[in-house]
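Colleague: Here it is: the structure, laid out below.
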Amino acid sequence: MAAFAAALELALAAGDVACLQLRLKGPDETLIPDDEIRRAVSELLPITQNHDVAFILNDRPDLAAELGCDGVHVGQEDASYADARRLLGDDAIVGVTCHDSRHLALEAAEAGADYVAFGAFFDTGTKSPKSRAGRDILTWWSDITEVPCVAIGGITADNCNGLIEAGADFLAVSAGVWAHPDGPDAAVREFNAACA
C-alpha cells in the first residue's frame, strides 16, 4: 500500500483530477475483506483530501458512509441508488453504472444520481465488461440532460479525445493511469493535455 500511496501522491500532484474511485476487486469480481478496504481508505483518503480530490468508494455505500468517503459508485448488481443515498446523505456523491442503457441512465438521473457512467468503450483488462457502449450514447445524454456522464472502459490518453468530443464530462481511467509506461504522473499530465 505504501508504494501505491506514493504513486497516488505523484499522480494527484501532476494535474487536475476530479476524483479517485477506489475499486478493490479482482478482474473476476473477487471480494476483498472489509478490513482491507478500511485500511486502504485510511491510508489513501488523507492523500486525496490534501489535493482537494473527491474520494469515491466502489460498490460499498455502507463502508463509504462509515469511513467518511465523499461518495460511492454503485453498479447495477450492487446496492441500489436509493440505499446508497439513504446511507450517505444528500451531500455525498452517488454515481451509477448504466452500461450502454439509456433507460438505466434516465432512471438513475430521475432518482437523483450525481452522475451516470457508460461503458465499456474500449477493451479493458480491469474487469469483464457487461456491455460495449458507442460514443453516440454520450452525445445523446449531453443533449438531453445536465447530469454529468462518465465514460468507462479501456480509456487512455491516446483514445480519449473522441469520447470528450462526443460529450463525456469525465473519464474513468484505471490502467491508462496506473499501467502507464512512464508512470501515473505522466499519464495525468497526458490526460490533462488531451482534455485541454
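Colleague: Find all pairs meeting these conditions: Cβ atoms under 6 angstrom apart; at least six residues apart or on different chains; first residue within segment 148-166 and within 15 Å of His180 (Cα to Cα); second residue of a type in the set (Gly, Ala, Ser) and surrounded by fewer than 21 Cβ atoms within 10 Å (Cβ to Cβ).
Modeller: Ala157/Ala194; Cys160/Ala194
Colleague: Something else about it: Report every pair of residues separated by at least 6 positions or lying on different chains whose Cβ atoms are under 7 Å apart, first residue within segment 1-22 and of a type in the set (D, E, K, R), second in a helix (DSSP H, G or I).
Modeller: Glu9/Ile47; Asp16/Asn192
Colleague: Is it the case that some residue within segment 178-195 is basic (Lys, Arg) and part of a loop (DSSP other than H, G, I, E, B)? Don't jump to the end; show me each part of the working.
Modeller: Here is the first cut: in segment 178-195, the residues basic (Lys, Arg) are 189.
Within this subset, residues satisfying the condition of being part of a loop (DSSP other than H, G, I, E, B) are none.
No: segment 178-195 contains no residue that is basic (Lys, Arg) and part of a loop (DSSP other than H, G, I, E, B).
Colleague: Considering only residues that are polar (S, T, N, Q) and part of a helix (DSSP H, G or I), which ones fall in segment 21-60? Before the answer, list the steps.
Modeller: Of segment 21-60, the ones polar (S, T, N, Q) are 21, 30, 42, 48-50, 58.
The answer is Ser42, Thr48, Gln49, Asn50.
Colleague: Filter segment 67-111 for residues that are more than 23 Å from Lys130 (Cα to Cα) and of a type in the set (S, T, N, Q) and give the result.
Modeller: none
Colleague: Run down Ala193, Ala179 and say which single residue is closer than 25 Å to Leu24 by Cα and exposed (fewer than 14 other Cβ atoms within 10 Å of the Cβ).
Modeller: On the way: Ala193 fails: closer than 25 Å to Leu24 by Cα.
Every option except Ala179 fails the conditions.
Colleague: Sticking with this structure for a sec: For segment 37-78: of the residues being β-branched (Val, Ile, Thr) and free of Cβ contacts under 8 Å to residues at least 24 places away in the same chain, which is surrounded by the fewest Cβ atoms within 10 Å (Cβ to Cβ)?
Modeller: We begin by selecting, within segment 37-78, every residue β-branched (Val, Ile, Thr); these are 37, 41, 47-48, 53, 56, 72, 74.
Now restrict to residues that are free of Cβ contacts under 8 Å to residues at least 24 places away in the same chain: 72, 74.
Working: Val72: 29, Val74: 26.
Taking the candidates together, the pick is Val74.
Just so you know, all these numbers are worked out from the coordinates, no wet-lab data involved. Just so it is clear, the model here is predicted, and its values are computed rather than measured. Cβ atoms come from the backbone with ideal geometry, glycine included; neighbour counts cover every protein chain shown.
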